[in-house]
Amino acid sequence: MAIITLPFRYLEQLTKTDRTTILDRLPMIGSEVERIQDDHADVEFFPNRPDLFSVEGVARAMRGFLNIETGLPTYHVKPSGITFTIDPKLAKIRPFLGTGVIRNISLDEESILSLMGLQEALHWAVGRGRSKVAIGIHDLDSVKPPFHYIASPRTRSFIPLDFNKSMTMDEILAEHPKGRDYAKIVKDFPLFPLIVDNNDNVLSFPPIINGELTRVTERTKNILLDTTGTDQKAVNVAVNIICTAMIEAGATIESVEINSKEVPTLAPSERTVSVHECSNLLGVTLSAGKISELLKRMRFGAVPEGKDRVRVQVPCYRADIMHDWDIFEDVAIAYGYENFKAEISKTFTIGNPHQVSVLARQVRSILTGLGYLEMMPFTLTNERVMYDMMQRQRSTNALAVMLPISEDHTVVRTCILPLLMEMLQVNKHRELPQKMFSTGDIVQGIKTFQSIAAVSCHAMADFSEAYAGIDAVTSELSLKYTVKESDDPTFIEGRRGDIMIDGTKMGVFGEIHPLVLNAFEIEHPVAAFELDLRGVPGYCVPEDIL
Amino acid sequence: MVELTYNEKRLLNSLAGKKETDAISLASALNSTEAAVVQWAHLAADKGLVSVDRIVNKTYVPTDEGKVYWDKGLPETQIFNNFDTSIEVSKLQNHPLFKIGFGQLRKKGLVQVKDGIIFKVSGVSTQDDEKAFKSPQLSGTREKELVKRGILEEVESVTYRIAITLQGANLVAQGLDFREEVGTLTREQIISGSWKSIPLHKYQVDKLPRVVYIGKTHPYQQLIDEMRQIFLEMGFTEIHGGIVQSAFWNFDALFQPQDHPAREMQDTFYLKECIPLPNGWDRVRDMHEKGGDTSSSGWGGTWNRDKAEQCVLRTHTTSISIQHLALHKQPPVKAFCLNRVYRRETIDPTHTPEFEQLEGIVMDEGVGFRHLLGFLKEFYGRMGFEGIRFRPGYFPYTEPSVEPEVFVDGLGWVEMGGAGIFREEVTAPFNIKYPVLAWGLGVSRLAMLKLGLKDLRLLYRSDIGWIRESPVHRTGKAGSRGST
C-alpha cells in the first residue's frame, strides 16, 4: 500500500486551506489517515490513484473536493527543441520511453522529498516493482542533448549513483545494492537498456540505476525525466503524474521530440457519458448539470450536452479512468457516500439454503445430540499429521500447495480425523471425557467433498462406543450400510470396521491404535469414526459450475 | 427445627452420654468408615451439634529398605553378630552388608581394627539401635539417625476426636426420628403410594452442582449460522463451490489484470494442477486486452491463456459468485456464500492462511449503489451494529467501490470488508445485463468482536475449555458459567 507523508505547512500552502478541514474530508475522497503527527500526517491512498501519491497531487484533488478550485487543471507545454532517439534493438527488451523537461524548479527539502516519495510510489503501483515502468530524474545541465535510448553491450561501464568508481553493467548487477535488487528484470537479455547523451556520457541504466553524473541536488534548476518500460500507457501516465505534480509545485514543462512527436502533451482525454446510466448505477436521479458540477469538483472538465449526455475531459494524470463507470464513481464520491439514502431493493425473493449446508446442519444436530463438541480445524495440514502419525500410507491424492507458508501447512486435508487427533493433543491438559467432532470440506484430487469425523477420549473409550456412534449417525442420515473388518492401521486390529455402502468403503470406525495415540501424545483410549458424506442419499456435489 | 440426615442422627445418638470418642471407634460402632463418620460429624458441627478435633500424630515406620532388615536386624547388628571377638578383615569383607555395617560399627566405636584384624570392644552391643529401630520413640537421637539413613521414615497420621455439644445432647434428649431418609425414589414407592410415609432426603441448594458439559456446535459456527440465517431471511439463495479454482475464475473472470500483485505466488496458494478454460474464455481475453464491446479500454498488453489455467486455492468466494451469475443471467439473482478462503499469510494473532468470507451478490433490474449500501446497513444492523458508515474504497473488480465500517465501543470505527458494483468488464463477457451489487465481508474479524477474542488462531485451534465455557446464548462478550 502506498502511504504518503503530507507535511502540513506545504499541504496548507498548496491546498489554500487549514489542515483540520483537509484531514476531516480526506477519508471521504478515498484514503485512510494512518497517523497524525505535529507537523505531518501519513495517509494511505489506493493503488488505482497514483496521482495522489504526492503532496501536490493531494492538494490539487482536495482544492476541488473542498470547492476551492474546481474543473480541469490546465497545463501548458512548450517544445524544448531537444530530441531523444530510441534504438530499435530495444523492441524485445524494454521498448517504451517517456520523457520531458522540467524547468525553473526551486527544490527545497520538502519538494525533493515529495518528488522522491512520488517516484518510489509510482515504481510500486504503476511500475510493478520497476519491471513495467521505471523512472529516472536527471540534472539536465550536466549533460548535452540530443539523448539516445540504446541497447548496449553489458560490458559498457560508467559510475553509478552513490559509487565513486566506474563499473560495468554486469558488475553493477552483482555489486550495487540497487543492481542486486532489480537484476532479475534484465539479467536474461543479451544487451542492456542504457541512456546516453550526445557525448556518449551515461545518464542511466534503466530500470536499475542512474549515473552519478546527473545527480539531482538542491542546486538543480532543470530536470530531464526518463521513463522506460514495457507498456506505453503506463509509461505515459507515470510521466504525466510527475510533470503535472511539478507544475503544481511551480515548475514549467517542456516537451521532447521522440520519432518526430512532441511528448508529453499533458492534454486531457475525452469521454461522453450517459446521464441515465450514471443515475441508474448510483440509484440516484441526477441531471446533466448536477453531474457536471460534481465532476468538476473531482477536477474533470465537464459540459452537459443535452439532457442525457455529459462531455467529460479526463485529466492526463488519471491512470484509473478506463471505463465510464470509473467516472461515475467520482460522481458518487463528490456526491458524498454519506448522502446516499441507503435502502435495500424491493424485489421479492425467497431464501434458499444450499443442500451442503442443510446436510451439515443435520450432522451437527446428530453429533451434538450424542454429546459431542464441535471443532473447526484448518483444512491446510501436512503429510506427517495426515498419514505418518496416523500410521497410514501417504496418499497420492493429497493436493500439495506450491509455496507453503510453513512445513506444517503443505497439503489440503483429504479427511478430517487426523485434525481431530491434533485437537485432542492440543487439549490433553483439559478434563476428560473429551468428545469432539468436525464436519466440513475435504479435497481429493482437485475436487471438494464433505466429511464428518468424531473422536471420544476417556478411560473407557472402546470399539463398542465407536460402533454405536457411527451406527447412530448413519441411521439418522437414512444411510443403509454393511460393515466389513477394516485393515486401516490407524485402528487396533480386531477393533476396527469399514462402513460399506453399495460395495464402496464410505467410512471407518474403531479404537485408535496405541502407536497413533503415542504419536499424538494422547494418554487415554480413543474411540473414533469418519464418514464420507457422499454416501448420504441425495447428496449433491457442490455446483462445480462450468 | 434443625434438618438432620439419617446418618447425622445415628452419629448424635451414639455420641450421647459419652465424653469424647475417636472417629475410628465410632466408625466400627456405626458400621461405617472413618471418612464417612468425619463427614457426618462436620455436617453436624456446622449446626453446632458436635465438635470435631483434628489431631495430627507423627510416628516412625520402616522404609522399604528398613523392612528388609526387619527380621535379621540392622546391617551393623548382622555384621556384629557374624563373629565372636575378632576376625580378619578379609574374611568379613565378603559379607554383602560389610560396607554399611562395618562403617556403622566403627562410627559407633563398637569395633577396632589392628593389623587387618577386627576386634569387638568389650561390653558393647547394638541393642540400643535395634530398640530404636523396632520400637522408635518420637524425636530420639538414634531414631533421627535411622531416618537420616533412610531406614525409618516419619509419617503423619490424622485422627479425629468427636464430642457432642450441649445443644446436640439436648436434641438427642428430645428424641430423634430414625426412619431412614430416601434419596432416589423407586418405581415401587411411586406407584404404591408408599412415598407418602417416607422421609425424603432434602438436598442443600446452596451447594454448587456437579458441572455437566453439553455437546454443542462451535461458538464460531453459531455465529456463522446466525449470519446465514440473516441472508436467508432477506431472500438470498445460498451457493457453494470447490476450494480449488482456476485462476481464470478466481482472477481473470473478475478482470483482475494478470500482472496484479495479488496474483503473485507471494500472496496466493498456487497448485501444480491446471483446469481447462470454459467456453467463452475468449470474451474474457478480449475484455482484458481491449475492453471488449464496452466503453472500457481494457488493461492492454497480451492476455496469457496458460496463466488463466493455473489452479489456486480460492482467494475469495467471488469466484463462486461469478460462476453462479454466468449460469443465472435472468434477474433477480440474490445469492450468498459463507465459506473458507485462502491467502498466503503467515500465522499470527490476526492472520491465518485460511479464514471465512461472507460473499453476497444482488443482480437485478433497477438496483444501484444506494441499494448496495442498503443491504450492508441492513446486514450489520441485524448483526447488532447500530453505527455504520461508508468510505470510498478500491477493489479491482468493482466500480464504484466502498468500505463499510461499523462502530464498536472502545475501538471506534472498524473496517469490515469491501463492497461495490461489479465492473462492466466483469459482467459483459458473461452477457449479464444488469448491475451486480457485491460484497465480501471478513467474518473472522466480526467473530473476534462478537466472541471477545484477541487471537484469531483460537477459532481454528480451539481450547475445549473455551468452547465449554462459551454460552450458547451470548450476551455481548463470551462470559463464564454460573451465576456471578
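Distance between Cα centroids, region A:403-441 to region B:415-481: provide it in whole Å. Comparing the Cα centres of region A:403-441 and region B:415-481, I get a distance of 22 Å.
The spread of Cα positions in chain B, taken along each principal axis and listed from longest to shortest, comes to 124, 84, 45 Å. Computed from the alpha carbon positions, the gyration tensor of region B:1-40 leads to an equivalent ellipsoid with semi-axes of 16, 13, 8 Å, biggest first. Our summary gives region B:221-469 a relative contact order of 20 percent, counting only alpha carbon pairs under 8 angstrom and 6 or more residues apart. Entry comment: accessible area of region A:417-546 is 41 Å² per residue, from protein heavy atoms only and a probe of 1.4 Å. Accessible area per residue was computed with a 1.4 Å probe on protein heavy atoms; B:Lys272 scores about 150 Å². If both residues of a DSSP beta bridge must be in region B:221-469, then about 95% of such bridges are antiparallel.
Ratio of Rg to Rh for region B:221-469: 0.97 [Cα atoms; Kirkwood radius as inverse mean 1/r over pairs].
With the convex hull constructed from alpha-carbon coordinates only, region A:425-485 shows a mean projected area of 6.2 nm² over all directions. Put B:Arg179, B:Arg187, A:Arg63 in order of accessible area, highest first, and with a 1.4 Å probe you get B:Arg187, B:Arg179, A:Arg63. Seen from A:Leu225, the other residues with C-beta closer than 13 Å to its C-beta sum to a net charge of -2, counting Lys and Arg as +1 and Asp and Glu as -1. Annotation: the antiparallel percentage among DSSP beta bridges lying fully within chain A is about 90. Normalised by the number of residues in region B:82-174, what is the relative contact order in percent for Cα pairs under 8 Å and 6+ residues apart? Once normalised by length, the contact order is 18 percent. Where does the charge balance sit around B:Gln78 when Lys and Arg score +1, Asp and Glu -1, over other residues with C-beta under 13 Å from its C-beta? That works out to -2. Debye calculation, C-alpha points only, no solvent: report log10 I(q)/I(0) for region A:380-486 at q = 0.16, 0.20 Å⁻¹, in the same order as the q values. Listed by q, the Debye log ratios stand at -0.87, -1.21.
Where does chain A land at 222 nm, in deg cm²/dmol rounded to the nearest 500, when only DSSP H runs of n ≥ 4 count, each adding -39500 (n - 2.57), divided by all residues? One gets -8500 deg cm²/dmol as the mean residue ellipticity at 222 nm.
In chain B, the DSSP-assigned H stretches of four residues or longer account for a calculated mean residue ellipticity at 222 nm of -9500 deg cm²/dmol, using -39500 (n - 2.57) per stretch and the full residue count as denominator. Surface exposure of region B:330-431, expressed per residue as accessible area with a 1.4 Å probe, stands at 31 Å². Computed over protein heavy atoms with a 1.4 Å probe, the carbon and sulfur contribution to the accessible area of region B:243-353 reaches 47%. Which of A:Met386, A:Pro525, B:Gly241 sits closest to the plus end of the dipole of the protein assembly as shown, meaning its Cα is farthest towards the positive end, when Lys and Arg get +1 and Asp and Glu get -1 on the C-beta? Looking along the dipole axis, the top candidate is A:Pro525. Note on region B:64-150: dipole from Cβ charges, positive end direction compared against B:Gly140, B:Phe119, B:Asn82; the farthest Cα belongs to B:Gly140. Quick check: net charge around B:Ile388, other residues with Cβ under 10 Å of its Cβ, Lys/Arg +1 and Asp/Glu -1? Net local charge, B:Ile388 excluded: -1.
Listed by chain and number, the lysines whose alpha-carbon sits under 18 Å from that of A:Lys233, ignoring those within fewer than 8 places in the same chain, are A:Lys92, A:Lys132, A:Lys261, B:Lys290. Here the Kirkwood formula, the inverse mean of 1/r across different C-alpha pairs, assigns region B:64-150 a hydrodynamic radius of 13.5 Å. Between the alpha-carbon centres of region A:278-311 and region A:158-187 there is a gap of 51 Å.
Heavy-atom accessible area, probed at 1.4 angstrom with all protein chains present, ranks A:Cys316, B:Cys274 as B:Cys274, A:Cys316, highest first. Heavy-atom accessible area buried between chains B and A is around 8000 Å² (1.4 Å probe, both sides summed). Taking every protein chain into account, the 1.4 Å probe leaves A:Lys89 with about 120 Å² of accessible area, to the nearest ten. The trypsin sites (Lys or Arg not before Pro) of region B:436-476 that DSSP puts in a loop, and whose beta carbon has at most 15 other beta carbons within 10 Å, are B:Lys454. In percent, rounded to a whole number, the relative contact order of chain A is 12, using alpha-carbon pairs under 8 Å and six or more apart.
Computed about the Cα centre, the dipole magnitude for chain A is approximately 1380 debye when only Lys and Arg (+1) and Asp and Glu (-1) carry charge, each at its Cβ. Accessible area per residue (1.4 Å probe, heavy atoms of protein chains only) ranks B:Ser295, B:Ser319 as B:Ser295, B:Ser319, with the largest value leading. Shown here is the pair-distance distribution of the protein assembly as shown: with all Cα-Cα distances grouped in 10 Å bins from zero up to the longest one, the shares run 2, 9, 13, 15, 14, 12, 10, 7, 6, 6, 5, 2, 0, 0 percent. To the nearest ten degrees, helix B:318-327 and the longest principal axis of the Cα atoms of chain B are 50 degrees apart. Taking only the C-alpha atoms of chain A, Rg followed by Dmax gives 33.2, 94 Å. Accessible area per residue for region B:64-150, computed on protein heavy atoms with a 1.4 Å probe, is 65 Å².
The alpha-carbon of B:Lys47 sits under 12 angstrom from the alpha-carbons of these aspartates and glutamates, leaving out residues fewer than 8 places away in its chain: B:Glu3, B:Glu8. Of all aspartates and glutamates in the structure, those lying under 12 Å Cα to Cα from B:Lys131, and not within fewer than 8 positions of it along the same chain, are B:Glu143. For A:His276, the solvent-accessible surface computed with a 1.4 Å probe is close to 100 Å², ligands and nucleic acids excluded.
For region A:370-440, applying the loop criterion from DSSP together with a ceiling of 15 other beta carbons within 10 Å to the GluC sites (Glu not before Pro) yields A:Glu407, A:Glu431.
Rounded to the nearest Å, what's the spacing between the alpha carbon centres of region B:297-375 and region A:477-546? Just the number, please. For region B:297-375 versus region A:477-546, the Cα centre distance is 34 Å. Note on B:Lys134 and B:Asn94: with the Förster distance fixed at 25 Å, the Cβ-Cβ geometry gives a FRET efficiency of about 0.35.
The values are calculated or read from the model by the stated rules, or taken from the named source; none is laboratory data. Given the structure is predicted, the values throughout are model-derived calculations rather than measurements. Here the Cβ is made from the backbone with ideal geometry for all residues, glycine too, and neighbour counts use every protein chain on show. Accessible surface is based on the protein model in full, side chains and every heavy atom, while ligands, DNA and RNA are left aside. Shrake-Rupley method; radii C 1.70, N 1.55, O 1.52, S 1.80 Å.
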